[in-house]
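The values are calculated or read from the model by the stated rules, or taken from the named source; none is laboratory data. These numbers were taken from a predicted model, which means no experiment stands behind them. Glycine also receives a Cβ, built like all others from the backbone with ideal geometry; neighbour counts cover every protein chain displayed. Areas reflect the complete protein model, heavy atoms only, side chains present, ligands, DNA and RNA absent. Shrake-Rupley method; radii C 1.70, N 1.55, O 1.52, S 1.80 Å.
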Amino acid sequence: MIAILFNVLAIIVGSAIGAIAKRSISEKYITVLNTAMGLAALVLGINVAMGNMAKSHFPVLFIFCLSFGGLLGTMLRLDQRMEAATKRVSRNGNSRLTEGITTSVLFCCVGTLSMMGPVLSALKGDNTYLMTAATLNLVTMIVIASSYGFGVSLTALVVFAWQGGIYGIAKLSADIISEELISEVSIVGGVLIAAAGLGVMHIKDCKTINLLPALFMPALYFLVRNLLGI
(Lines give C-alpha, C1' and ligand atoms only; values in the text may rest on other atoms or scores of the structure.)
Protein backbone atom coordinates (compact mmCIF):
# COMPACT_ATOMS: atom_id res chain seq x y z
CA MET A 1 0.00 0.00 0.00
CA ILE A 2 2.97 2.33 0.55
CA ALA A 3 3.67 2.38 -3.20
CA ILE A 4 0.05 3.39 -3.83
CA LEU A 5 0.48 6.30 -1.43
CA PHE A 6 3.59 7.30 -3.41
CA ASN A 7 1.35 7.51 -6.52
CA VAL A 8 -1.08 9.76 -4.65
CA LEU A 9 1.75 11.97 -3.44
CA ALA A 10 3.28 12.15 -6.93
CA ILE A 11 -0.05 13.39 -8.35
CA ILE A 12 -0.44 16.08 -5.69
CA VAL A 13 3.16 17.27 -6.01
CA GLY A 14 3.02 17.22 -9.80
CA SER A 15 -0.23 19.21 -9.76
CA ALA A 16 1.29 21.78 -7.42
CA ILE A 17 4.41 22.21 -9.56
CA GLY A 18 2.33 22.51 -12.74
CA ALA A 19 -0.07 25.02 -11.16
CA ILE A 20 2.82 27.19 -9.95
CA ALA A 21 4.51 27.04 -13.34
CA LYS A 22 1.25 28.04 -15.02
CA ARG A 23 1.42 31.52 -13.48
CA SER A 24 4.66 32.30 -15.31
CA ILE A 25 3.77 30.65 -18.62
CA SER A 26 2.15 32.72 -21.35
CA GLU A 27 -0.96 31.55 -23.20
CA LYS A 28 0.94 30.56 -26.34
CA TYR A 29 3.12 28.17 -24.35
CA ILE A 30 0.10 26.67 -22.62
CA THR A 31 -1.40 26.10 -26.07
CA VAL A 32 1.76 24.29 -27.13
CA LEU A 33 1.61 22.15 -23.98
CA ASN A 34 -2.03 21.32 -24.72
CA THR A 35 -1.15 20.26 -28.24
CA ALA A 36 1.80 18.19 -27.03
CA MET A 37 -0.35 16.55 -24.35
CA GLY A 38 -3.11 15.83 -26.83
CA LEU A 39 -0.73 14.26 -29.33
CA ALA A 40 0.89 12.21 -26.57
CA ALA A 41 -2.52 10.98 -25.40
CA LEU A 42 -3.51 10.07 -28.94
CA VAL A 43 -0.33 8.10 -29.62
CA LEU A 44 -0.20 6.42 -26.21
CA GLY A 45 -3.88 5.51 -26.37
CA ILE A 46 -3.54 3.92 -29.79
CA ASN A 47 -0.38 2.12 -28.67
CA VAL A 48 -2.05 0.70 -25.54
CA ALA A 49 -5.12 -0.42 -27.47
CA MET A 50 -3.24 -1.98 -30.39
CA GLY A 51 -0.62 -3.58 -28.13
CA ASN A 52 -3.30 -5.42 -26.17
CA MET A 53 -5.48 -6.17 -29.19
CA ALA A 54 -3.04 -8.91 -30.20
CA LYS A 55 -3.50 -10.55 -26.79
CA SER A 56 -7.29 -10.42 -26.88
CA HIS A 57 -9.37 -13.56 -27.39
CA PHE A 58 -12.49 -11.41 -27.84
CA PRO A 59 -11.59 -8.87 -30.57
CA VAL A 60 -15.04 -7.23 -30.67
CA LEU A 61 -15.64 -7.10 -26.92
CA PHE A 62 -14.26 -3.56 -26.62
CA ILE A 63 -16.90 -2.35 -29.12
CA PHE A 64 -19.72 -3.61 -26.91
CA CYS A 65 -18.00 -2.28 -23.80
CA LEU A 66 -17.66 1.20 -25.29
CA SER A 67 -21.24 1.16 -26.58
CA PHE A 68 -22.96 -0.03 -23.41
CA GLY A 69 -20.58 1.92 -21.17
CA GLY A 70 -21.25 5.09 -23.15
CA LEU A 71 -25.00 4.57 -22.97
CA LEU A 72 -24.82 4.01 -19.21
CA GLY A 73 -22.64 7.08 -18.68
CA THR A 74 -24.99 9.22 -20.77
CA MET A 75 -28.04 7.94 -18.90
CA LEU A 76 -26.31 8.78 -15.61
CA ARG A 77 -25.34 12.22 -17.02
CA LEU A 78 -21.79 11.78 -15.76
CA ASP A 79 -20.48 14.75 -17.75
CA GLN A 80 -23.05 17.11 -16.23
CA ARG A 81 -22.51 15.77 -12.73
CA MET A 82 -18.74 16.07 -13.05
CA GLU A 83 -19.02 19.60 -14.40
CA ALA A 84 -21.32 20.61 -11.54
CA ALA A 85 -18.94 19.07 -8.99
CA THR A 86 -15.82 20.67 -10.43
CA LYS A 87 -17.51 24.06 -10.61
CA ARG A 88 -18.09 23.85 -6.88
CA VAL A 89 -14.43 23.14 -6.17
CA SER A 90 -13.03 25.45 -8.83
CA ARG A 91 -12.71 29.00 -7.52
CA ASN A 92 -13.45 30.49 -10.92
CA GLY A 93 -16.08 27.93 -11.90
CA ASN A 94 -13.91 26.86 -14.82
CA SER A 95 -15.70 24.00 -16.59
CA ARG A 96 -12.44 23.09 -18.39
CA LEU A 97 -11.39 21.49 -15.12
CA THR A 98 -13.74 18.62 -16.00
CA GLU A 99 -11.71 17.93 -19.11
CA GLY A 100 -8.46 18.13 -17.16
CA ILE A 101 -9.59 15.72 -14.44
CA THR A 102 -10.98 13.27 -17.00
CA THR A 103 -7.72 13.34 -18.95
CA SER A 104 -5.55 12.88 -15.87
CA VAL A 105 -7.74 10.06 -14.52
CA LEU A 106 -7.36 8.20 -17.80
CA PHE A 107 -3.61 8.75 -17.89
CA CYS A 108 -3.07 7.73 -14.26
CA CYS A 109 -5.56 4.86 -13.95
CA VAL A 110 -5.52 3.13 -17.33
CA GLY A 111 -2.67 0.95 -18.42
CA THR A 112 -0.59 -2.02 -17.38
CA LEU A 113 1.38 -0.14 -14.72
CA SER A 114 -1.64 1.17 -12.82
CA MET A 115 -3.63 -2.08 -13.05
CA MET A 116 -0.97 -4.77 -12.82
CA GLY A 117 1.06 -2.77 -10.27
CA PRO A 118 -1.39 -3.25 -7.37
CA VAL A 119 -1.82 -6.92 -8.32
CA LEU A 120 1.91 -7.65 -8.24
CA SER A 121 2.26 -5.64 -5.03
CA ALA A 122 -0.54 -7.57 -3.34
CA LEU A 123 0.42 -11.04 -4.53
CA LYS A 124 4.23 -10.87 -4.73
CA GLY A 125 5.21 -7.76 -2.80
CA ASP A 126 6.74 -6.36 -6.00
CA ASN A 127 6.29 -2.57 -6.15
CA THR A 128 8.32 -2.01 -9.32
CA TYR A 129 5.30 -1.26 -11.53
CA LEU A 130 3.70 1.05 -8.97
CA MET A 131 6.88 3.07 -8.40
CA THR A 132 7.35 3.41 -12.17
CA ALA A 133 3.72 4.56 -12.44
CA ALA A 134 4.36 7.15 -9.69
CA THR A 135 7.26 8.62 -11.66
CA LEU A 136 5.17 8.85 -14.83
CA ASN A 137 2.24 10.32 -12.90
CA LEU A 138 4.48 13.06 -11.49
CA VAL A 139 5.55 14.18 -14.97
CA THR A 140 2.05 13.79 -16.41
CA MET A 141 0.41 15.91 -13.71
CA ILE A 142 2.99 18.69 -14.09
CA VAL A 143 2.01 19.02 -17.74
CA ILE A 144 -1.75 18.69 -17.16
CA ALA A 145 -1.81 21.08 -14.19
CA SER A 146 0.11 23.68 -16.19
CA SER A 147 -2.91 23.76 -18.49
CA TYR A 148 -5.84 23.12 -16.15
CA GLY A 149 -4.66 24.25 -12.72
CA PHE A 150 -4.25 22.64 -9.30
CA GLY A 151 -7.85 21.36 -9.33
CA VAL A 152 -6.69 18.29 -11.25
CA SER A 153 -5.06 17.12 -8.01
CA LEU A 154 -8.49 15.62 -7.23
CA THR A 155 -7.28 12.82 -9.46
CA ALA A 156 -5.30 11.60 -6.45
CA LEU A 157 -8.55 10.47 -4.78
CA VAL A 158 -9.59 8.49 -7.85
CA VAL A 159 -6.16 6.88 -8.19
CA PHE A 160 -6.14 5.90 -4.51
CA ALA A 161 -9.59 4.30 -4.82
CA TRP A 162 -8.69 2.62 -8.14
CA GLN A 163 -5.32 1.17 -7.17
CA GLY A 164 -6.43 0.46 -3.60
CA GLY A 165 -9.51 -1.36 -4.89
CA ILE A 166 -7.47 -3.53 -7.24
CA TYR A 167 -4.98 -4.20 -4.46
CA GLY A 168 -7.78 -5.30 -2.11
CA ILE A 169 -9.42 -7.55 -4.69
CA ALA A 170 -6.08 -9.16 -5.52
CA LYS A 171 -5.49 -9.79 -1.83
CA LEU A 172 -8.90 -11.41 -1.42
CA SER A 173 -8.73 -13.58 -4.53
CA ALA A 174 -5.84 -14.13 -6.88
CA ASP A 175 -8.16 -15.66 -9.48
CA ILE A 176 -10.44 -12.66 -10.01
CA ILE A 177 -7.95 -10.54 -11.95
CA SER A 178 -6.59 -12.40 -14.97
CA GLU A 179 -4.29 -11.46 -17.81
CA GLU A 180 -7.30 -11.67 -20.14
CA LEU A 181 -9.22 -9.13 -18.08
CA ILE A 182 -6.25 -6.75 -17.93
CA SER A 183 -5.89 -6.96 -21.73
CA GLU A 184 -9.56 -6.19 -22.38
CA VAL A 185 -9.62 -3.27 -19.93
CA SER A 186 -6.41 -1.92 -21.47
CA ILE A 187 -7.96 -1.97 -24.97
CA VAL A 188 -10.97 0.02 -23.80
CA GLY A 189 -8.73 2.33 -21.78
CA GLY A 190 -6.45 2.91 -24.75
CA VAL A 191 -9.40 4.03 -26.85
CA LEU A 192 -10.51 6.40 -24.10
CA ILE A 193 -7.02 7.87 -23.76
CA ALA A 194 -6.95 8.52 -27.52
CA ALA A 195 -10.41 10.11 -27.28
CA ALA A 196 -9.16 12.34 -24.45
CA GLY A 197 -6.27 13.42 -26.69
CA LEU A 198 -8.73 14.58 -29.35
CA GLY A 199 -10.54 16.61 -26.69
CA VAL A 200 -7.36 18.23 -25.37
CA MET A 201 -6.49 19.38 -28.90
CA HIS A 202 -10.08 20.64 -29.37
CA ILE A 203 -10.51 18.43 -32.44
CA LYS A 204 -13.50 16.50 -31.12
CA ASP A 205 -15.26 16.54 -27.75
CA CYS A 206 -15.95 12.83 -27.31
CA LYS A 207 -17.64 13.31 -23.90
CA THR A 208 -15.03 10.93 -22.52
CA ILE A 209 -16.41 11.18 -19.00
CA ASN A 210 -19.60 9.48 -20.21
CA LEU A 211 -17.53 6.63 -21.62
CA LEU A 212 -15.75 5.85 -18.33
CA PRO A 213 -18.24 3.09 -17.31
CA ALA A 214 -16.89 1.16 -20.31
CA LEU A 215 -13.77 0.43 -18.22
CA PHE A 216 -15.85 -1.76 -15.92
CA MET A 217 -17.70 -3.63 -18.67
CA PRO A 218 -14.94 -6.22 -19.33
CA ALA A 219 -15.01 -7.22 -15.63
CA LEU A 220 -18.80 -7.53 -15.81
CA TYR A 221 -18.50 -9.68 -18.94
CA PHE A 222 -15.98 -12.05 -17.33
CA LEU A 223 -18.08 -12.24 -14.17
CA VAL A 224 -21.21 -13.24 -16.11
CA ARG A 225 -19.17 -15.62 -18.25
CA ASN A 226 -17.79 -17.39 -15.18
CA LEU A 227 -21.19 -17.57 -13.50
CA LEU A 228 -22.71 -19.17 -16.61
CA GLY A 229 -19.73 -21.49 -16.98
CA ILE A 230 -19.14 -20.48 -20.61
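Among Gly189, Gly164, Gly197, the largest mean-square fluctuation in a Gaussian network model of the chain, built with springs joining Cα atoms closer than 10 Å, belongs to Gly164.
Could you calculate the FRET efficiency of Ser178 with Ile63 from 1/(1 + (r/R0)^6), where r is the beta carbon distance between them and R0 is 22 Å, rounded to 0.05?
Details: r = 21 Å, r/R0 = 0.94.
My answer for the efficiency is 0.60.
If the Kirkwood radius is taken over C-alpha pairs of the chain, then at 37 °C and 0.692 mPa s the Stokes-Einstein diffusion coefficient equals 184 µm²/s. Straight-distance candidates among the lysines for linking to Lys171, with alpha-carbon spacing under 18 Å and chain neighbours fewer than 8 residues away dropped: Lys124. Placing pseudo-labels 7 Å out from each Cα toward the beta carbon at Leu220 and Met75 gives an inter-label distance of 0.8 nm.
For the chain, modelled as a GNM with alpha-carbon contacts under 10 angstrom, which of Thr140, Thr208, Thr74 fluctuates the most? Greatest mean-square fluctuation among the candidates belongs to Thr74. What range in the chain is the longest one free of trypsin sites (Lys or Arg not before Pro) that are in a loop by DSSP and have at most 14 other Cβ atoms within 10 angstrom? So the longest stretch without any such site is 92-203.
With a 1.4 Å probe and every protein chain left in place, work out the accessible area per residue of the range 98-230 in Å², rounded to a whole number.
Values: 5540 Å² over 133 residues.
Normalised by residue count, the accessible surface of the range 98-230 is 42 Å².
Structure remark: mean-square fluctuation, Gaussian network model of the chain, C-alpha springs under 10 Å; the largest value among Ser146, Ser121, Ser15 belongs to Ser121. The phi torsions of the range 147-157, fed into the Karplus equation with coefficients 6.51, -1.76 and 1.60 and a -60° offset, translate into couplings of 9, 10, x, 5, x, 5, 5, 4, 4, 4, 5 Hz, rounded to whole numbers, with Gly and Pro shown as x.
Calculate what fraction, in whole %, of the accessible area of the chain sits on carbon and sulfur atoms when a 1.4 Å probe is rolled over the protein chains. Its accessible area is 69 percent carbon and sulfur atoms. Under 28 Å of direct C-alpha separation, and excluding same-chain neighbours fewer than eight residues apart, Lys204 reaches these lysines: Lys22, Lys28, Lys87. Other residues with beta-carbon under 11 Å from the beta-carbon of Ile209 carry, at +1 per Lys or Arg and -1 per Asp or Glu, a net charge of -1.
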